[in-house]
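Structure first, then comments.
Nothing in this text is a laboratory measurement; each read-out follows from the coordinates by a stated rule. Only a predicted model underlies this, so the values are computations on that prediction, with no experimental measurement involved. As a convention, Cβ positions derive from the backbone with ideal geometry for all residues, glycine included, and neighbour counts pool all protein chains shown.
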Amino acid sequence: MPIRKSTLDDLPAISDILYGCRLFMKSHGNPNQWEDMDRVIRKTKEDIALGNSYVYVDNDVIEAVFTLALGVDPTYIHIEDGKWLNDRPYVTIHRIGSTFRKKGILKMAVDLALTMANDVRADTSIDNAPMRKGMEKLGFQYCGIIYIDTGESRLAYQLSK
């Protein structure tokens, strides 16, 4: 897999991808997710510094970006209207985006996450139908509602192997 950890040198290409995803979401019925792009970019810089940000590169072009964070995600401690499948160690997927030129980016991220732990968690806006469909297709189960650090609710999912 042509996946590697992101560096700050990748930030211009990553930013372009994330802004493009924001426009796509907005034009496809998901007007509120990633509304504060300054926050998204700031979080991405933090992911890079922590070694949690990855890029998919094809022919020397960054085609996708995602975060894989091993360990307890503070926003996942409290879950409403459901529960997590288990309490085992997990990897969280955040801020996944692509240029839309390559298919299967979510599966690539999940496959890499499963090399780190047997459980993967992710969340998305209720309006993000493509992400929800993709997670369900890969075997994720809906677990309940979590709240991100801005106070916004997200649908929470888990894949357990």
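A compact table of results
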{"quantity": "Exposure proxy order (Cβ contacts within 10 Å, fewest to most) of Thr124, Thr75", "calculated": "Thr75, Thr124"}
{"quantity": "Stretch gain in nm, segment Asp111-Tyr19, where the contour uses 0.36 nm per residue and the Cα spacing is subtracted", "calculated": "30.6 nm"}
{"quantity": "Within straight-line cross-link reach of Lys103, lysines at Cα separation under 19 Å, skipping those fewer than 8 residues along the same chain", "calculated": "Lys133, Lys137"}
{"quantity": "Kirkwood Rh in Å, taken over all unlike Cα pairs in the stretch 3-160", "calculated": "15.7 Å"}
{"quantity": "Cα long-axis angle, helix 11-27 against the chain (0 to 90 degrees, to the nearest 10)", "calculated": "60 degrees"}
{"quantity": "Crossing angle, helix 37-50 versus the chain [Cα axis fit, 0-90 degrees, rounded to tens]", "calculated": "90 degrees"}
{"quantity": "Listed residues Leu138, Gly97, Ile148: farthest to the positive end of the dipole of the stretch 3-160 (Cβ charges)", "calculated": "Leu138"}
{"quantity": "Cα→Cβ-extended label distance, 7 Å offset, between Leu70 and Lys102, nm", "calculated": "2.3 nm"}
{"quantity": "Least to most buried among Phe24, Phe140 (fewest other Cβ within 10 Å first)", "calculated": "Phe24, Phe140"}
{"quantity": "Amide H contacts of Asn128 (H built 1.01 Å from N, under 5 Å, at least 5 apart or other chain)", "calculated": "none"}
{"quantity": "The stretch 42-108: mean projected area of Cα convex hull, nm²", "calculated": "6.0 nm²"}
{"quantity": "Magnitude of the charge dipole, the stretch 1-132, Cβ model with Lys/Arg +1 and Asp/Glu -1, debye to 20", "calculated": "220 debye"}
